[in-house]
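What follows is a single structure, written as C-alpha cells, with notes after it.
Values in this text are rule-based calculations from the coordinates and carry no lab data. This structure is a prediction, so every number in the text was calculated from the model and none was measured. Every residue, glycine among them, receives a Cβ derived from its backbone with ideal geometry; neighbour counts consider all protein chains shown.
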Amino acid sequence: MKPRTNLSQTEVDQIINSCKTCTVAMVDLEGKPYVLPFNFGYKEGRLYIHSGPEGKKIDIWKKNPEVCISFSTNYELNIRHENVACSYSMKYRSVLFHGKVTPVTDLDEKDRILNIVMGKYTQRNNFSYNTPALKNVAVFEIEIQKQESRSYLY
C-alpha cells in the first residue's frame, strides 16, 4: 500500500480539523528531542496553540523556535493475509507542519485566537476574557514554512 501524498488543501484541512490534539516536536536546550501534545486552533490556514506563561517549552522556544507539528487521524488496521505478520499495516491520514513558534502579545489578538481555540472544542467563539487572564496565558501562532501530508486510506 503506497501513500497518497498529493492531498488537496481541503483534505489537509479535514485531517487537521478532525484531530483533537496536535503533537509539537522541538529540540530541547541539551539538543535532545522533546515532544508535547497541545490543544490548538486552526483557521484560514493559520495554526495557534496556547500554554501557561512559563515552563520548559517556553525556555526552548526563546532559544530555538523551530518546531514540527503532527496531526494524524482515521486509524484502521489493514490486514492482507491474516496469518502473515508482515502483511499487517495501519491505514491513517497525517499532516506535518514545519515552522516557527511566534509569541502573540497583543491582548486583543490573544482574545481573538483563544476564541478560535475554544471554538474548536465547544462550537462557540464568543467567550470573553478579563485582562489578568489574557496576561497570564501564553498564546502562539505557528509560522508554517513547510507542509507534508499523507493518506494511507485507500
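If you take the Cα centroid of segment 18-63 and the Cα centroid of segment 121-140, the two points sit 17 Å apart. Taking a virtual spin label 7 Å from the Cα of Asp28 along the C-beta vector, which residues in segment 121-154 bring their backbone nitrogen under 16 Å of it? Of the residues in segment 121-154, none has backbone N under 16 Å from the label point off Asp28.
Taking a ≥ b ≥ c as the square roots of the eigenvalues of the Cα gyration tensor, segment 7-119 is classed as oblate, since a/c reaches at least 1.5 and a/b does not exceed b/c. For the pair Lys56 and Asn17, a Förster radius of 30 Å applied to the C-beta separation gives a FRET efficiency near 0.55, rounded to the nearest 0.05.
Asp59: net charge of surrounding residues, Cβ under 12 Å, Lys/Arg +1, Asp/Glu -1, itself excluded? Before the final figure, lay out the partial values.
Numbers: positive: Lys56, Lys57, Lys62, Lys63; negative: Asp28, Glu30, Glu54.
With Lys, Arg at +1 and Asp, Glu at -1, the neighbours total +1.
List the longest stretch of the chain that has no exposed loop site; here a site is one of the trypsin sites (Lys or Arg not before Pro) assigned by DSSP to anything other than H, G, I, E or B, with at most 13 other Cβ within 10 Å. In the chain, the maximal stretch lacking such sites is 21-79. Quick check: the angle from helix 107-122's long axis to the longest principal axis of the chain, C-alpha only, nearest 10 degrees? Approximately 40 degrees, to the nearest 10. Taking 0.36 nm per residue of separation and subtracting the Cα-Cα distance, full extension of the segment from Gln145 to Thr102 would add 14.2 nm.
Sparsely packed loop sites in segment 69-154 (the GluC sites (Glu not before Pro) outside DSSP H, G, I, E and B with at most 12 other Cβ atoms within 10 Å) comprise Glu82. Subtracting the Cα-Cα distance of Val35 and Asn74 from 0.36 nm times their residue separation leaves 11.9 nm of extension gain.
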